[in-house]
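One structure is given below, encoded as structure tokens.
The values are calculated or read from the model by the stated rules, or taken from the named source; none is laboratory data. Since we're looking at a predicted model, the values are computed, not measured. As a convention, Cβ positions derive from the backbone with ideal geometry for all residues, glycine included, and neighbour counts pool all protein chains shown. These area figures cover heavy atoms from the full protein model, side chains too; ligands, DNA and RNA do not enter into them. Shrake-Rupley method; radii C 1.70, N 1.55, O 1.52, S 1.80 Å.
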Amino acid sequence: MATDNPIDHAPAAVWEPLTALKPWAANPRDNTKAVAEVAKSIRRFGWGAPIVANKRDGEIIAGHTRYAAAERLKLDQVPVRWLDLDPADAHALALADNKVGEVATWDDATLRQVLAELKAADESLL
């Protein structure tokens, strides 16, 4: 259902120069240990999700680890979803994007089954 909310009509992603983005300096999430693994994932699978950034100033809202992985891979361009949010909303979304994932849980039996199937197919996660 369409709404009058301009966020609902933002393009899913556009390719932008990496230099058009800047990390949120006060981001409380430490993603350092995940950068190498995310870089491997991008190299193997491509971009599963764009970096989300604020159209007003280029500040990253979601995707700090993907940004750091792109730097590590020396990529010139990355997929970006631009949102036009005031800084407080952008920072609230940045926190929510990380915290919401912590609420989800794994179905351990299904996870074991999927991992066993991947192993049987001689597939690794990265």
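Annotations for the structure displayed:
- Prolate/oblate/rounded call for the stretch 75-126, Cα gyration tensor, a/c under 1.5 rounded: oblate
- The stretch 19-45-the stretch 88-124 distance, computed between alpha-carbon centres (Å): 17 Å
- Pairs of lysines in the chain whose Cα atoms sit within less than 21 Å of one another amount to 7, provided the residues are eight or more positions apart or on different chains.
- Seen from PRO50, the other residues with C-beta closer than 9 Å to its C-beta sum to a net charge of +2, counting Lys and Arg as +1 and Asp and Glu as -1.
- Extension gain (nm, one decimal) between ASP97 and LEU75, 0.36 nm per residue minus Cα-Cα: 5.5 nm
- Sorting 72-83, 26-37 by average packing, meaning the other beta carbons within 10 Å per residue, from highest down gives 72-83, 26-37.
- Only Cα pairs under 8 Å and 6+ residues apart enter the sum, and on that basis the relative contact order of the chain stands at 30 percent.
- For the chain, alpha-carbon Rg and Dmax in angstrom: 16.6, 49
- Expressed as a whole percent, the accessible area of the chain that falls on carbon and sulfur atoms is 56 (1.4 Å probe).
- Radius 14 Å from Cβ of ASN98, net charge of other residues (Lys, Arg +1; Asp, Glu -1): 0
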